[in-house]
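See below for the structure under consideration.
The values are calculated or read from the model by the stated rules, or taken from the named source; none is laboratory data. Owing to the predicted nature of the structure, the values given are computational and were not obtained by experimental measurement. No Cβ is skipped: glycine too gets one built from the backbone with ideal geometry, and neighbour counts run over all protein chains shown.
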Amino acid sequence: MAIEGKYEMESSEHFEEFVKEMGLEVDMTNIDLSKTSTMEISKDGDSYLIKSNTAGIIHEIKFKLDDEFDDDMNGHKFKNIVKMDGDNKMVQTKTSIDGGKVVNVLREFTDNGCTVKSTYNNVTWTRVYKRV
């Protein structure tokens, strides 16, 4: 299944709870996530690039499957690894440099879109995207 493409968010659940649990500071005043959130995935050889815009926060990660890479989430530094589960699931494990935080991200792709579930502690932020 081709996972590369552009996606627009249709729905989001538990965003505020997730960012609070992570200790991130995000101004949620008047934000409609479904109108301000996009994701674009491209592949060049064996390298992936995921560009996301969530509530005005731009984030890019470039990686090769099964290779560790560094990432920064609003000032929090993480070691990451992304693996494929079958041909339609991307599983990312983000471990903070200090070892105090582990975030699991599951991206599940269909012909029509993608569901992304980010879990930290017992809080899961779920986003549903449509392919555009």
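Below is a table of values for the structure above.
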| quantity | calculated |
| --- | --- |
| Candidate set: the range 69-114, residues that are outside any strand (DSSP E or B) and of a type in the set (D, E, K, R); chosen: the one farthest from Lys130 (Cα to Cα) | Asp98 |
| Qualifying residue in the range 19-32 (condition: of a type in the set (Val, Ile, Thr) and at pLDDT 85 or above) | no |
| Any chance Asp66 is more than 22 Å from Asn112 (Cα to Cα), in a loop (DSSP other than H, G, I, E, B) and at pLDDT 95 or above | yes |
| Residue in the range 47-54 that is over 26 Å from Met1 (Cβ atoms) and part of a strand (DSSP E or B) present | no |
| Some residue of the range 39-54 being at pLDDT below 90 and surrounded by fewer than 14 Cβ atoms within 10 Å (Cβ to Cβ) | no |
| The range 50-105 - residue that is among the β-branched types (Val, Ile, Thr) and farther than 21 Å from Thr38 by Cβ and, of those, farthest from the chain's Cα centre (by Cα) | Ile97 |
